[in-house]
Amino acid sequence: MNVIEISNVNFTYQGTKDSGLKNINLKVKKGEFVLLTGRSGCGKTTLTRLINGLIPHFFSGELTGKVAVDGTEVHQSFTYELAEKVGSVFQDPRSQFFTTNTISEVAFGCENLGLSSAEINQRISDAFSTLQIENLKNRSIFSLSSGEKQKIALASTYAMRPSIYVLDEPSANLDIHATKRLGELLKSLKEQGYTIIVSEHRLYYLMELVDRILYMKDGEIIDEWTSEQALALSDHEIVKRGLRAFSLNNLKQIEERLEQPFESMNPPEFIAKDISVTFSGHHLLNQVGFSVTKQDIQCIIGITGANGVGKTTLIKCLCGLFKKRFGTIKINKKVLSNRKRSDEMYFVMQDTDYQLFTESVEYELMLGNNKVKDLNKKIDEVLNMLGLTAYRSTHPMALSGGQKQRVTIASAAVNSAKVLFFDEPTSGLDGKNMRSVSRILTNLHQRGKLIFVISHDLEFLINTCGRIIHLQNGSVDEDFPLNSDTVSKLKSLLSYENSNL
Amino acid sequence: MNQELIVTNPSNINYIDPRVKLIHTLIAGILLFVVRSNEGVLLNVAFMIVVLVFLGLYGCVLRLITYTGVLFLLTKFLSYFTDGPAALIGVTVYIFLKFAPVLGIYYMMTKSISASELVNALERIRLPRSITITLAVTLRFMPTIGQEMKIIRDSMKIRNIPFNLWSVLKAPIMMMEFVLVPLMMRFVKVAEELAAAAVVRGIEKSGRRGSMFDVRFRKQDFIYLLIVILYAIFLYNFEMGVII
């Protein structure tokens, strides 16, 4: 029996010219697990919105064709009727919570449905026990990690007892371990017979579960694979479609990167010694130290470690944003004060939305860079290198996620700072954008910048970095060159469950 | 700020219906205008301390005592000056001291009532859902604004835009733009996502909303209300000089 039937659907969002969806035909049987993938902006999120009724009830636009869920046409049902059939989990766990406590959050949907208090309490305890997240009961939402938030989001839809689950990039903000746990939760939902639709960039963690993979491009469904067929695709096929890898087992470093000409590079020497940070008596960082000298292999350095281990705090200390710390930092053998450090170093933070202030890409690159020599020439050069020349006068907020990310990187490139830090530059990016960030960082590195990247994106790290500094329990736990022999070591470090969490 | 909102359990003796707390807030507001003497203010704070202890909000009790204590000593100290800027500051401090009970009320309303309970309570007093949900979500977002501001400040620092008193005085409009542009962009995005999340979780269903707890007045609610009213009458008479 088909629980979802979409036939001949075309959709255009109000106020846009490009069609969001073209000629979509999709039938999903009860209990099926369907994965939607494709580049950013390919229409996979739009397709999920057809199923949970956000189109046409919330996002308006021009819709033709027929969408039926459970035999009823979506545009004829009320949103709350659909809410009982289709449970939705979105990408950003921060913006889907209504209350500040995990229990009342799970109760929220049931309360909306007007259930009796006995029934609501029954469903709450059921949701926590079935999803095996009893340890998250009665916690403050603010104290949860991204992975835990995503589990609560799933639990709060579970409590509404839908028969279909729609998840839109649920792993975008999760580390490898949390992603794996999410995969396990979805597996148990599948085993209970629910129909599941997931739209994703990260594919590897779902390969055992999916019945069908749909590849979308420009609003159309182009390819349909089983997981065996998908795993058999060549690297070339995957890269051509702008996808991420279907499996983490066969990831290889890009060989051309290993053959870079080193002579032209002259990155600064960098020494951090005994960096300690204490938060109310608890050592977050305890005498962290590492050095990059002329004798070391010149490469981009990846900083890894479980969520909450203090990676971002470390970077903030290094570049002088966070002042309460101990230890010394030397660049080219000189100890630098806080202020000097913020001139020498530049930090690209995780969320691009907070880092764009002006009304055009060009102004954005000028902002704060007025001390740079030949500023205009440099801006031309960087825009060209990052493929942003066409967007010179565009408002940054009108750009796509990947383009915004490139603008923040561009302003780091224009800046005179020699040492650049990046915090999770690829979270939520599709394969093509991820690879382009990797190429850009490599390019900057070849021009003599010393680059540190915080990331838990294995595919990206392997593509980009030549050395890994792994933090654990507040200090440097592992520091090793990344090559074909150590890739498996990196993988096991990233998948390791941190007992602190 | 302690952002934890504990899910309260109505079977506990110290669970007071949010509607009763709303009435208490109203009465406390009126009492602010009744009270004129320092002793009255201190009595008012003392009563709020008792309430907060009863509700189990010990951290808030400590903060309320500190706040009142510091302001009270300052008022005492500044009252030796009769003119000049010190007297002016004295008046300001005194005004802040007078509003100390409000801090207690604020703690009571925000730390002992969860958003869901508040929505339910407001709905029972027949406020339309468009108001109740907006209010609940706004309350939910207060702490988030602080967090977002911190990230924006950091990212301004990296871009060599200093954010301090001097730079704000020098170019107030520009500084406002630098803070507001990213903040507004975030809000627009968060507001849309949040509204969509509400829709897919059945917010548009009309009729009486369910509740995790069964909402009704209990014995302790009446006792609590009675005590608040008796206290208000006592304080009124105290201020009018009937009982001294």
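Kindly establish whether A:K377 is among the charged types (D, E, K, R) and either open to solvent by less than 20 Å² (accessible area, probe 1.4 Å) or in a helix (DSSP H, G or I) (or both). Criteria met by A:K377.
If you go through segment A:292-311 one residue at a time, do you hit one that is open to solvent by 30 Å² or more (accessible area, probe 1.4 Å) and under 23 Å from A:L144 (Cβ atoms)? The answer is yes, given that some residue of segment A:292-311 is open to solvent by 30 Å² or more (accessible area, probe 1.4 Å) and under 23 Å from A:L144 (Cβ atoms). Of all the residues in segment A:330-345, those that are closer than 23 Å to A:I409 by Cβ, more than 14 Å from chain B (Cβ to nearest Cβ) and modelled with pLDDT under 85 number 0. Considered as a group, the residues in segment A:106-119 that are under 11 Å from B:M212 (Cβ atoms) and either open to solvent by less than 10 Å² (accessible area, probe 1.4 Å) or touching a Lys or Arg at 6+ places or on another chain (Cβ under 8 Å) (or both) include one that is farthest from the other protein chains (Cβ to nearest Cβ), and that residue is A:V106. A single entry from A:S416, A:S475, A:S411 fulfils the requirement of being within 14 Å of another protein chain (Cβ to nearest Cβ) and surrounded by fewer than 21 Cβ atoms within 10 Å (Cβ to Cβ): A:S416.
Can you go through B:N44, B:N38 and tell me which one is open to solvent by less than 70 Å² (accessible area, probe 1.4 Å), more than 14 Å from chain A (Cβ to nearest Cβ) and touching a Pro at 6+ places or on another chain (Cβ under 8 Å)? Before the answer, list the steps.
Details: B:N38 fails: touching a Pro at 6+ places or on another chain (Cβ under 8 Å).
Being open to solvent by less than 70 Å² (accessible area, probe 1.4 Å), more than 14 Å from chain A (Cβ to nearest Cβ) and touching a Pro at 6+ places or on another chain (Cβ under 8 Å) holds for just one of B:N44, B:N38, which is B:N44.
Candidates in segment B:198-235 are the residues that are small (G, A, S) and surrounded by 12 or more Cβ atoms within 10 Å (Cβ to Cβ); of these, the one that is modelled with the highest pLDDT is B:A232.
The single condition among (1) touching a Ser or Thr at 6+ places or on another chain (Cβ under 8 Å); (2) more than 9 Å from chain B (Cβ to nearest Cβ); (3) within 22 Å of A:R447 (Cβ to Cβ) that A:V348 does not satisfy is (2).
Scanning segment A:139-170 for residues being open to solvent by less than 10 Å² (accessible area, probe 1.4 Å), hydroxyl-bearing (S, T, Y) and at pLDDT 90 or above gives a total of 3. When residues in segment B:81-93 are screened for being modelled with pLDDT under 85 and open to solvent by 90 Å² or more (accessible area, probe 1.4 Å), 5 of them pass. In segment A:211-230, of all residues being within 20 Å of A:T46 (Cβ to Cβ) and among the hydrophobic types (A, V, I, L, M, F, W, C), the one that is most open to solvent (accessible area, probe 1.4 Å) corresponds to A:I222. Do you know which residues across segment A:123-138 are over 23 Å from A:V198 (Cα atoms), under 26 Å from the mean Cα position of the chain (by Cα) and open to solvent by less than 10 Å² (accessible area, probe 1.4 Å)? Result: A:L136, single match. Among the residues of segment A:267-281, how many are among the acidic types (D, E) and either open to solvent by less than 60 Å² (accessible area, probe 1.4 Å) or modelled with pLDDT under 85 (or both)? Result for segment A:267-281: 1.
Of the set (1) without any contact (Cβ under 8 Å) to a residue 60 or more places away in the chain; (2) not assigned by TED's automatic domain parsing to the domain that holds B:V50, all apply to B:Y107 but (2). Taking helices (runs of 4 or more DSSP H) as the structural unit, no element lying wholly within segment B:61-157 holds at least 1 residues that are under 26 Å from B:V45 (Cα atoms), touching a His at 6+ places or on another chain (Cβ under 6 Å) and within 13 Å of chain A (Cβ to nearest Cβ).
Let's see how each residue does on (1) open to solvent by 40 Å² or more (accessible area, probe 1.4 Å); (2) at pLDDT 90 or above; (3) in contact with a strand residue (DSSP E or B) (Cβ under 7 Å, 6 or more places away or on another chain):
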site: A:L399; (1), (2), (3): no, no, no
site: A:V437; (1), (2), (3): no, yes, no
site: A:R447; (1), (2), (3): yes, no, no
site: A:L450; (1), (2), (3): no, yes, yes
site: A:L501; (1), (2), (3): yes, no, no
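For B:L165, all conditions in the list (1) more than 30 Å from B:T110 (Cβ to Cβ); (2) open to solvent by 30 Å² or more (accessible area, probe 1.4 Å) hold save one; what is the number of the exception? The single condition B:L165 does not satisfy is (1). How many residues, within segment A:180-198, are surrounded by fewer than 22 Cβ atoms within 10 Å (Cβ to Cβ) and of a type in the set (S, T, N, Q)? Result for segment A:180-198: 2.
Could you tell me whether any residue of segment A:344-354 is open to solvent by 30 Å² or more (accessible area, probe 1.4 Å) and in a helix (DSSP H, G or I)? Yes, there is a match, as at least one residue in segment A:344-354 is open to solvent by 30 Å² or more (accessible area, probe 1.4 Å) and in a helix (DSSP H, G or I). Once segment A:85-101 is narrowed to residues that are more than 7 Å from chain B (Cβ to nearest Cβ) and modelled with pLDDT of 90 or more, the residue that is surrounded by the fewest Cβ atoms within 10 Å (Cβ to Cβ) is A:K85.
Quick grid of which residues meet (1) within 27 Å of the chain's Cα centre (by Cα); (2) under 30 Å from A:L365 (Cβ atoms); (3) basic (K, R); (4) within 9 Å of chain A (Cβ to nearest Cβ):
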| site | (1), (2), (3), (4) |
| --- | --- |
| B:A171 | no, yes, no, no |
| B:F187 | yes, yes, no, no |
| B:I223 | yes, no, no, no |
| B:I227 | yes, no, no, no |
| B:Y231 | yes, no, no, no |
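Taking segment A:73-84 as the range and being outside any loop (DSSP other than H, G, I, E, B) and either within 7 Å of chain B (Cβ to nearest Cβ) or surrounded by fewer than 20 Cβ atoms within 10 Å (Cβ to Cβ) (or both) as the test, the residues that pass are A:E73, A:H75, A:Q76, A:T79, A:Y80, A:E81, A:A83, A:E84.
If the condition is being at the interface with chain A (Cβ under 8 Å from one of its Cβ atoms) and without any contact (Cβ under 8 Å) to a residue 60 or more places away in the chain, then segment B:189-202 contributes B:K189, B:V190, B:E193, B:L194, B:A195, B:A196, B:A197, B:V199, B:V200, B:R201, B:G202.
Scanning segment A:213-235 for residues that are within 23 Å of the chain's Cα centre (by Cα) and not aliphatic (A, V, I, L, M) yields A:Y215, A:K217, A:D218, A:G219, A:S227, A:D235.
Within segment B:47-60, restricting attention to residues that are touching a helix residue (DSSP H, G or I) at 6+ places or on another chain (Cβ under 7 Å), assigned to a helix (DSSP H, G or I) and of a type in the set (A, V, I, L, M), the residue that is most open to solvent (accessible area, probe 1.4 Å) is B:V53.
The values are calculated or read from the model by the stated rules, or taken from the named source; none is laboratory data. Not measured: the values here are computed from a predicted model. Ideal geometry is used to build each Cβ from the backbone, glycine not excepted, and the neighbour counts take in all protein chains shown. Just the protein is used for accessible areas: all its heavy atoms, side chains included, with ligands, DNA and RNA removed. Shrake-Rupley method; radii C 1.70, N 1.55, O 1.52, S 1.80 Å.
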